[in-house]
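Take a look at the structure below.
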Amino acid sequence: MSHDPIAGAFAAHDGVLHCESVPLPAIAERFGTPTYVYSRAALLAGYRAYADALAGRSALVCYAMKANSNLTVLDLLARAGSGFDIVSGGELARVLAVGGDPRKVVFSGVGKSEAEIAQALAVGILCFNIESVPELEVVERVAQRLGKRAPISVRVNPDVDPKTHPYISTGLKNNKFGVAYADVPALYRRAAASAHLEVVGIDFHIGSQITEVAPYLEAAERLLDVVDALARDGIGLHHIDFGGGVGIRYRDETPPPVGELIAALLARVDARGHGGKTILFEPGRSIAGPAGTLLTRVQYVKHGEAKNFAIVDAAMNDLARPAMYQAWMPVHPVAPSAHEIALYDIVGPVCESSDWLARERALALAPGDLLAIGGAGAYGMSMASNYNSRPRAAEVMVDGERCYEVRRRELVEELFAGESVLPTGSA
C-alpha cells in the first residue's frame, strides 16, 4: 500500500491486507460489502498527535465531527479527552448521546437555527463561533429569552488562500464563512456591550486538506493583529482557535507533521505576548481519515472500446468525494491476483456517469475480488446518501484482533418506513 495514508493500520501480511490484526477478507465475509472499516489505534493516534503537541499548554482539541460522526468514534475520542466542533443540533445530540462534555463543544456553521441555539445554550456549550452580524443578533435574542449569557467567539475571515480545493476553501473573502476582516472589531464591540453575550474567544478556519504551514501562519498573524486591537479596546479573550488541522496523504501530498504546524503557531502566539491564552484546534480529516478504509467487492469486469471498468458494489452514494471533488483516493487489492494487470476505472452501480471511485488504476482484477479504498475514514460515511434507494454501508471498528459492527447495514425497508401513500380514492 505504497500510497496509502493508513499503512500503519492497514498493512499486508502474507499478501493479504489487514486492519490491525484482522484480515479484511474475514470482515467482508462476516459483515458483507460495502463496509467501512476503522482502526481504533489509528483513530486515537490521530487525536494524540494534536494533544501531545499541545501538552503543557492550556489547550483543547475539538474534533470536527462532520468528518465522521459514528457514535463509537465520538465515544473513543471523548474518553481520550477530546472536545468537539459541531455544525448542527444533530451533531450536538450525538455528543451528548456518548456522554461528551458540552463544555468542550464549539458550535460553528453559518446557519444556526433558533432551536439549535437554544439547545446549545440549555446544555452549556463552550462557545458559539459567530459567522455574521445577523447570527449574533439571533444568539443574543435567544439568550435574552432564556435568561442566559451566550459565550461567543467571532470567526474571522482573514482572506487567506489555503491552496486547497475551492469547495473546501473557507477563508477567502468570496466564501460564505466568517466575518469580513474589516468588520470584526465593530462586531466585538457590539458583543462586549451586550448584557446577554459573553466574549470568550476568536477563531478562524481557512479550509480543509491544507498541506502547507505558510497559509496558517499568514492567517494567524492577521488574527493576532485583531487580538491586539481588541486588547487596546479593553476586550480580553480567553481562547484563540486556529481551526482545522493538517491535510492527509491520499496520493503524493506531503503535509507537515502535526507537531510542526502547532509549534510554528505557538511560537507566533508567544512572540505576540498571548502565551497565557487557551489554544484550540478543530481537526477532523487528519484524525478520522487515515483511520478508515472502504471495503468493496468487484461485481463485473467490463472491457470497453475506450476504457476498462471494474464495477464494484460501492458507489458514489457510499463515497461522494471522487464525484464531488474529483478526489484521488488510493485503491488496493485486498489479496494477490493471478490475473493480468490492466488500467481500470473503478465505478459503482448508481445510474450516473459521475458514479466513479477511481480512474485509470493499474490493477489485476476479476469478479469477486475485494478492493480497499484508503483514507476513507473522513467524509466517507458522514456524506453517504440513499441515492437510487441504496441502503448505506455497515461500519466496523477493529481493535487489535477483535472487530465490532458499530453501525449495521441499512435495510431497504427502512428507507421508506417513514413514507406513506395517499388514501385510496383521493382526488
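Can you find a residue in the range 238-252 that is of a type in the set (A, V, I, L, M, F, W, C) and free of Cβ contacts under 8 Å to residues at least 12 places away in the same chain? Scanning the range 238-252, I find no residue that is of a type in the set (A, V, I, L, M, F, W, C) and free of Cβ contacts under 8 Å to residues at least 12 places away in the same chain, so the answer is no. Of the residues making up the range 412-421, at least one is of a type in the set (Val, Ile, Thr), without any contact (Cβ under 8 Å) to a residue 12 or more places away in the chain and farther than 21 Å from Gln299 by Cα. Scanning for something part of a helix (DSSP H, G or I), under 17 Å from the mean Cα position of the chain (by Cα) and among the aliphatic types (A, V, I, L, M), does the range 260-273 turn up at least one residue? No, the range 260-273 contains no residue that is part of a helix (DSSP H, G or I), under 17 Å from the mean Cα position of the chain (by Cα) and among the aliphatic types (A, V, I, L, M).
Condition check ((1) in the same structural domain as Ala358 (by TED's automatic domain parsing); (2) under 21 Å from Tyr404 (Cβ atoms)) across all residues:
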site	(1), (2)
Thr33	yes, yes
Ala49	no, no
Tyr63	no, yes
Ala67	no, yes
Ser88	no, no
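Pairing residues of the range 273-285 that are closer than 21 Å to Arg48 by Cα with residues that are part of a loop (DSSP other than H, G, I, E, B) and basic (Lys, Arg), at Cβ distances under 9 Å and at least 6 apart in sequence or on separate chains, gives Thr278/Arg57; Ile279/Arg57; Gly284/Lys66. Residue under question is Ile279, and the condition is that it be outside any loop (DSSP other than H, G, I, E, B), at pLDDT 95 or above, closer than 30 Å to Val398 by Cβ and touching a strand residue (DSSP E or B) at 6+ places or on another chain (Cβ under 6 Å); does it hold? So Ile279 does not fit the description; no.
Any residue in the range 349-360 that is surrounded by 14 or more Cβ atoms within 10 Å (Cβ to Cβ), in contact with a strand residue (DSSP E or B) (Cβ under 7 Å, 6 or more places away or on another chain), touching a residue at least 40 places away in the same chain (Cβ under 8 Å) and in a strand (DSSP E or B)? Yes, the conditions are met somewhere in the range 349-360.
Here is a check on your reading of the model: is Ile206 in contact with an Asp or Glu (Cβ under 9 Å, 6 or more places away or on another chain), without any contact (Cβ under 8 Å) to a residue 60 or more places away in the chain and over 29 Å from Leu146 (Cβ atoms)? The answer is yes for Ile206. Residues of the range 318-329 include none that is in a strand (DSSP E or B) and not hydroxyl-bearing (Ser, Thr, Tyr). Arg285 satisfies every condition listed in (1) among the charged types (D, E, K, R); (2) crowded, with 24+ Cβ neighbours inside 10 Å; (3) in contact with a Leu (Cβ under 9 Å, 6 or more places away or on another chain) except (3). Just to be sure before I move on: is Asp345 of a type in the set (D, E, K, R) and farther than 24 Å from Pro23 by Cα in the structure I sent? Yes: the conditions hold for Asp345. Of all the criteria given as (1) within 23 Å of Val105 (Cβ to Cβ); (2) in contact with a helix residue (DSSP H, G or I) (Cβ under 9 Å, 6 or more places away or on another chain); (3) in a helix (DSSP H, G or I), the one not satisfied by Leu223 is (2). Residues of the range 111-127 that are of a type in the set (S, T, N, Q) and either over 13 Å from Leu146 (Cβ atoms) or crowded, with 23+ Cβ neighbours inside 10 Å (or both): Ser113 alone. Looking at the range 1-98, none of the strands (runs of 3 or more DSSP E) lying wholly inside it contains 1 or more residues that are among the polar types (S, T, N, Q) and modelled with pLDDT under 95. When restricted to residues that are over 25 Å from Val105 (Cα atoms) and either in a strand (DSSP E or B) or modelled with pLDDT of 85 or more (or both), the range 180-211 contains 3. Which ones in the range 339-348 are under 24 Å from Ser389 (Cβ atoms) and part of a loop (DSSP other than H, G, I, E, B)? Matches in the range 339-348: Gly348 only. Considering the range 99-110, and only residues there that are more than 18 Å from the chain's Cα centre (by Cα) and assigned to a loop (DSSP other than H, G, I, E, B), the residue that is surrounded by the fewest Cβ atoms within 10 Å (Cβ to Cβ) turns out to be Gly99. Filtering the range 288-322 to residues that are among the hydroxyl-bearing types (Ser, Thr, Tyr) and buried (at least 19 other Cβ atoms within 10 Å of the Cβ) leaves Thr293, Thr296.
The values are calculated or read from the model by the stated rules, or taken from the named source; none is laboratory data. Being a predicted model, the structure only gives us computed values, none of them experimental. Quick reminder, even Gly has a Cβ in these numbers, built from the backbone with ideal geometry, and neighbours come from all protein chains shown.
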